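The values are calculated or read from the model by the stated rules, or taken from the named source; none is laboratory data. Being a predicted model, the structure only gives us computed values, none of them experimental. Here the Cβ positions follow ideal geometry from the backbone for every residue, glycine too, while neighbour counts run over all protein chains shown. Surface accessibility is based on the protein's heavy atoms, side chains included, excluding ligands, DNA and RNA. Shrake-Rupley method; radii C 1.70, N 1.55, O 1.52, S 1.80 Å.
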Amino acid sequence: MSGKPSLTHQQQSNNRFVREMFTSIAGVYDLLNHLLSSGMDILWRKKAVRMLPCRQRELALDLCGGTGDFARTLLKKKKANAAIVADFALPMLSIAKKKLSSQKVCCNGVDAHYLPYRDGCFDMVLSAFGMRNITDLEICIADVRRVLKPGGEFLVLDFMGGQSGPVYHLFSMYFHYVLPAIGKLVSRDPIAYSYLPQSVKKFHSRDMFKELLESKGLQVKKQKDVLMGIATITLAVKIGSYVKEED
Ligand SMILES: C[S@@+](CC[C@H](N)C(=O)[O-])C[C@H]1O[C@@H](n2cnc3c(N)ncnc32)[C@H](O)[C@@H]1O
């Protein structure tokens, strides 16, 4: 027995719901992503990748990598030589495979709670719009730290909970009313695009997320809001000497 915590029955059922939802919208995911964000998602991924310090990275893990856009941006900007795109919704990965066929990329069907990789094998882990969907972030982040080399980066782009201010309020109206209506029309999935604003509401605030990363031995170097707090980029680094607390 490795002693690694596992998901409860309730969590497993939530995890299944998330996987089935992304499986069902895979075919329209890219179109809706770019349409509903007016292409901002592309700019935000580029901005996130630009936050990485310049250094040689052999292998990166794009966790909850979906259709592969974050890995593609990373490789295009030459911030790593090769990448693994990992996701548990296989139809999302099929699209990633086609889009990244000319790159040094391999796609793995993987649940982010149980990474099937050896300790310290990645120079960095990146995740865009993925962490918010994770059922048990503590389990996932502990595993992210495990697979990172000491000094390796964890780069996260996501919509965080707990944001406020007039611009955010306007965005929130769009997110709760306009986006689910367009999403439902195009994807024909009645749930997926109502789930999105709910998942943001429930997700950690940027401070709570920072606290969680640091409690797992990842030191947060930078946190940057994009478009006045609509999304946030977090860059953390694995601290070499962290000792896991006993449960
Ligand atoms: C909003 S999409 C983001 C995709 C991509 N990273 C992007 O930038 O467009 C979230 C992805 O996370 C994946 N995901 C959610 N929970 C997961 C888990 N526990 N294990 C693996 N993948 C997961 C979903 O299947 C989905 O493809």
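A few notes on this one:
- Antiparallel bridge percentage (DSSP; both residues within the chain; nearest 5): 40
- Signed unit charges on C-beta, dipole axis of segment 93-140, positive-most listed residue L100, I139, S127: L100
- Shape analysis of segment 51-152 places it in the oblate category; the axes a ≥ b ≥ c from the Cα gyration tensor give an a/c of at least 1.5, with a/b not above b/c.
- Per residue solvent-accessible surface (Å²) - the chain, probe of 1.4 Å: 49
- The calculated 222 nm mean residue ellipticity attributable to helices in the chain amounts to -13500 deg cm²/dmol, summing -39500 (n - 2.57) over DSSP H runs of n ≥ 4 and dividing by all residues.
- Under 14 Å from the D119 label point (7 Å along Cα→beta-carbon), backbone N, segment 142-170: 143-150
- Semi-axes of the equivalent ellipsoid for the chain, computed as √(5λ) from the eigenvalues of its C-alpha gyration tensor and ordered from largest down, come to 26, 20, 20 Å.
- Modelled spin labels at D189 and S205, positioned 7 Å past Cα toward Cβ, are 3.0 nm from each other.
- Bridgeable aspartates and glutamates around K79 (alpha carbons under 17 Å apart, same-chain partners fewer than 8 residues away excluded): E58, D62, D69, D123, E153.
- Among the listed pairs K98/K216; K78/K98; K99/K149; K184/K222; K46/K238; K77/K224, those beyond 31 Å (Cα-Cα): K98/K216; K184/K222
- Summary value for segment 119-247: 31 percent relative contact order, contacts being C-alpha pairs under 8 angstrom separated by 6+ residues.
- Among L155, L185, L235, the largest mean-square fluctuation in a Gaussian network model of the chain (Cα springs under 10 Å) belongs to L185.
- V18 accessible area, 1.4 Å probe, all protein chains in place, Å² to nearest 10: 0
- With every protein chain in place, segment 99-189: carbon and sulfur % of accessible area (1.4 Å): 57
- Contour minus Cα-Cα distance for K76 and S215 (0.36 nm per residue): 46.8 nm
- Residues A181 and R55, FRET efficiency given R0 of 30 Å [Cβ-Cβ distance, rounded to 0.05]: 0.10
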